[in-house]
Amino acid sequence: MLMVVGLGNPGKKYFETKHNVGFMVLDQLAQDFGVKIDKLEFDAATATVRLNGERVLLVEPQTYMNESGRAVRQLMSFYQIQEDEIIVVQDDLDMPMGKLRLRTKGSAGGHNGIKDIIAATGSSNFARVKVGTDHPAKQTVVDWVLTPFSKDDRPLIDSAVDQAVNLIKDRINGEPISKLMNKYN
């Protein structure tokens, strides 16, 4: 089983904000797979699909960003999912707007959602699809991540969402992470 976790904050207030790019990727995946991420379980909205013999759990934690680990840990335990069967989609302030990067493990890099997942699961050995949202020039980081994308940034993010969706589909189709890193980084 593969678990794909999109990080974000629940509610319409945060729908199109930079911090919700993980939810944006998961919503596009769900649309492409013809499912809705609407089953509420273990502090998350989920959907399950079976593709190429692989069972894939799409997850949007409903605990707000800073407590995402609780939902991930509970779902891992219930479905018996290992760290190497997880892909987390996150925003990244330290990358240019719309840039995509795949990592197999590592530190949280200051991202509170990733910090909480590492703390809750006791591991940093899970894949991350990082989508660049740039660093704010004049705003505080909190204000920046909780504001929508500008009209100029929107095409860059839409393209990054499409690339992230394709990356995840390639992984579901059995492509090894090392090959995906060469293709998408």
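The values are calculated or read from the model by the stated rules, or taken from the named source; none is laboratory data. Just so you know, these numbers come straight off a predicted model, no measurement behind them. Cβ: placed from backbone, ideal geometry, glycine included. Neighbour counts: every protein chain shown. Side chains are part of the model used for accessible areas, which takes the heavy atoms of the whole protein and leaves out ligands, DNA and RNA. Shrake-Rupley method; radii C 1.70, N 1.55, O 1.52, S 1.80 Å.
Values computed for the structure shown
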item: Dipole in debye (nearest 20) - region 1-95, about Cα centre, beta carbon charges: Lys, Arg +1; Asp, Glu -1; result: 360
item: 18 Å reach of a label modelled at ARG50, 7 Å along Cα-to-Cβ, counting backbone N of region 143-180; result: 172-174
item: Student exercise, region 43-85 dipole from Lys, Arg, Asp, Glu Cβ charges, in Debye to nearest 20; result: 160
item: Mean Kyte hydropathy of -0.5 or more with a Cα span along the axis of at least 15 Å, helices from DSSP in the chain; result: 21-33, 68-79, 154-172
item: Label point distance in nm, LYS151-ALA137, each placed 7 Å from Cα along Cα→Cβ; result: 1.7
item: Accessible surface of region 31-185, 1.4 Å probe, proportion on carbon and sulfur as whole %; result: 46
item: Debye equation applied to the C-alpha atoms of region 71-185, log10 I(q)/I(0) at 0.10, 0.17 Å⁻¹; result: -0.32, -0.90
item: Contour excess over end-to-end distance, with Cα ends at ASP170 and PHE15 and 0.36 nm allotted per residue; result: 53.2 nm
item: Cα gyration tensor, region 1-82 - rounded (a/c under 1.5), prolate or oblate; result: oblate
item: Listed peptides 16-26, 67-77, 44-54 by packing density, highest first (mean Cβ within 10 Å); result: 16-26, 67-77, 44-54
item: Local electrostatic count, GLN139, Cβ distance below 14 Å [Lys/Arg +1, Asp/Glu -1]; result: -1
item: Cut-off 17 Å (backbone N to label point 7 Å along Cα→Cβ of ASP84), residues of region 170-185; result: 171-181
item: Cα centroid separation, region 123-176 to region 1-40 (Å); result: 12
item: Cα-projected label distance for LYS105 with ASP158, points at 7 Å along beta-carbon direction, nm; result: 3.9
